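> Quick one: the structure is below, and I'll ask about it shortly.
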Amino acid sequence: VVFDGESDAYILADGRHMWRLMDNLFENVCKYSLKGTRVYVAVREINEDGSEANPGEAKKLLISIKNFSAMPNTVQGNELTEKFIRGDSSRSSEGSGLGLYIPKSLTELQNGKFEVIADGDLFKVDITFDVLKK
């Protein structure tokens, strides 16, 4: 894992839900990443329009996780968040088919935004939450 980012920003979230959300995402990374490749995790404070924010002025906190899939995805990014959808035919042997449905639901339950971008074998999840003002 290659981590990039530091932030003193806070979000309003349930610790158990966040743990389950992140556990689910990293479990998927471990299952479906191309062996021997890196996983990139970035945490950024951003403005409403998605541009980088100055420290303390951010409206949103963006958590991005990127990896390269062992097999190219055969469906569009956000389709992967639907129940029982798998990214390729090789993913039929294990699991419930709820892989990204669970973290998306947990993100939205906490008033966040969950987006999946899949481009060939590049896979990226962006999770955005409102920054909690101190």
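> Between Ala42 and Asp8, what is the FRET efficiency for a Förster distance of 22 Å, r being their Cβ-Cβ separation, to the nearest 0.05? Please list the in-between numbers first.
Working: r = 16 Å, r/R0 = 0.72.
After rounding to 0.05, the efficiency reads 0.85.
> If ligands, DNA and RNA are left out, what is the accessible area of Tyr40 with a 1.4 Å probe, given in Å² to the nearest 10?
90 Å²
The values are calculated or read from the model by the stated rules, or taken from the named source; none is laboratory data. Since this is a predicted model, take the numbers as computed values, not measurements. Note that each Cβ is placed from the backbone with ideal geometry, even for glycine, and that neighbours are counted across all protein chains shown. Just the protein is used for accessible areas: all its heavy atoms, side chains included, with ligands, DNA and RNA removed. Shrake-Rupley method; radii C 1.70, N 1.55, O 1.52, S 1.80 Å.
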